[in-house]
Structure formats: structure tokens, C-alpha cells
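The values are calculated or read from the model by the stated rules, or taken from the named source; none is laboratory data. Quick caveat, the model's predicted, so the values are computed rather than measured. Every residue, glycine among them, receives a Cβ derived from its backbone with ideal geometry; neighbour counts consider all protein chains shown.
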Amino acid sequence: MSISPFFLQLRSSYQSEMDDLSFDSEGRDVLRQRLTEKRQQLGFLLQMMELSPEMVAVIFHQGFQFKKPSVLEHLLAQEPEEFPEWESLADAVQLTPWSQELAQQILKEPMGGWFMTVAAGLEYMYSRPNAAATVVHEEEDDQDEEVEEGLSDDDVGRSVLDSDADAASGAREREEAGADWMAEQGFDRKE
């Protein structure tokens, strides 16, 4: 399975957001409680859909049923400007009853369909741990091909480090922009 740079960058941020929501400072599992609280803040979260979709997409954790994984795998290979319309995913992605109300509110927003597509892709990756392993194997295969094409192991290593650094830089920029926005709304910065 091939995953676009867009989804690769968001994948780690989504995973971090889920990790942050999962446990309190004493190590207790509080995911269900925190997701309930976050879902109740939908009106506020709508403002963050485009800037930090991974922070909002967590409200749909376990809210999708994936009927056609091949359609989702194709979606994950796409860049945002290539995304299909949300409605065209109806056969492949089904909303659970509790998530339909959230989706109806989101779909009223100008970027609602785009966001729902992103949320489905992120949750699909999160719910399929083997998807990340497949990406790692594909990256290793790509590295092997580059070595066979005459690049040294050092060149390939630098290339992988550069792409990792670019992904981390993009994630950091999004995180900083999200923190700036939250601070503008009157929240304290997380440091």
C-alpha cells in the first residue's frame, strides 16, 4: 500500500493525539471519557478542521465501518487536491449511528466533505496497524531499488533522513500553528 506524503505527515500527529487522549497523568485509561468531552466541543473544533484535521478527526475514533478497504487504500495514496467527494465513498465507508449526527454538522461546513474524507483515511490507518508496517516495507524496498540504481547506502540514508526531517518539520509547523490559534482563543500553551 502506498501512502501519500499528506497522510504520512498526519498519521504521526493523529497517533500522538490518540496517545494524549488515552491516558491521564496517573496512567489510567480515559480515552472514552476524553473523546466524549471532545465530541461535545464540536462547535469549537469546527474552526480547526482545515488547519489541524488530525486534532478534530479523533472525534470519529471507532465511528467508521470500512466496507471496501481497497477504496481506502487508494484514498491514502492521494494528495488532498485529488480526494474524491465524500459522497462517493458511501459504499466504502459507513458511519456508525452515533457518528452520523457529528458528520451531519461537519458536512454543513465549506470544508466538511474534505474533512470527512481525511478523518476516514486517518481512522483507517489507525485501525489497521499493519498499514504502517506495509509502508515501512515499501520504503525499504524503495531504498533497495535506489541502491541497485547506483546510489550508495549513505546517499539513501541521507534521502530517508531528509524526508523524515521534512515530515517532522511539517508536523511541527502544523502543531505550532495550532498552538498559536489556541493561544489566540485564550488557552494556555502546552510546552
Contact list, first residue from the range 1-30 and surrounded by fewer than 12 Cβ atoms within 10 Å (Cβ to Cβ), second anywhere and of a type outside the set (Lys, Arg) and not in a loop (DSSP other than H, G, I, E, B), beta-carbon distance below 8 Å, six or more apart or interchain, is ASP29/SER22; ASP29/PHE23
The number of residues in the range 32-65 that are touching a residue at least 24 places away in the same chain (Cβ under 8 Å) and surrounded by 16 or more Cβ atoms within 10 Å (Cβ to Cβ) is 17
Problem set entry | Any chance GLU101 is over 26 Å from LEU21 (Cα atoms), modelled with pLDDT under 95 and out of contact with any Phe, Trp or Tyr (no Cβ under 9 Å at 6 or more places or on another chain) | no
Those residues of the range 31-90 which are within 16 Å of the chain's Cα centre (by Cα), within 16 Å of MET111 (Cα to Cα) and not in a helix (DSSP H, G or I) amount to MET49, GLU50, LEU51, SER52, GLU79, PHE83
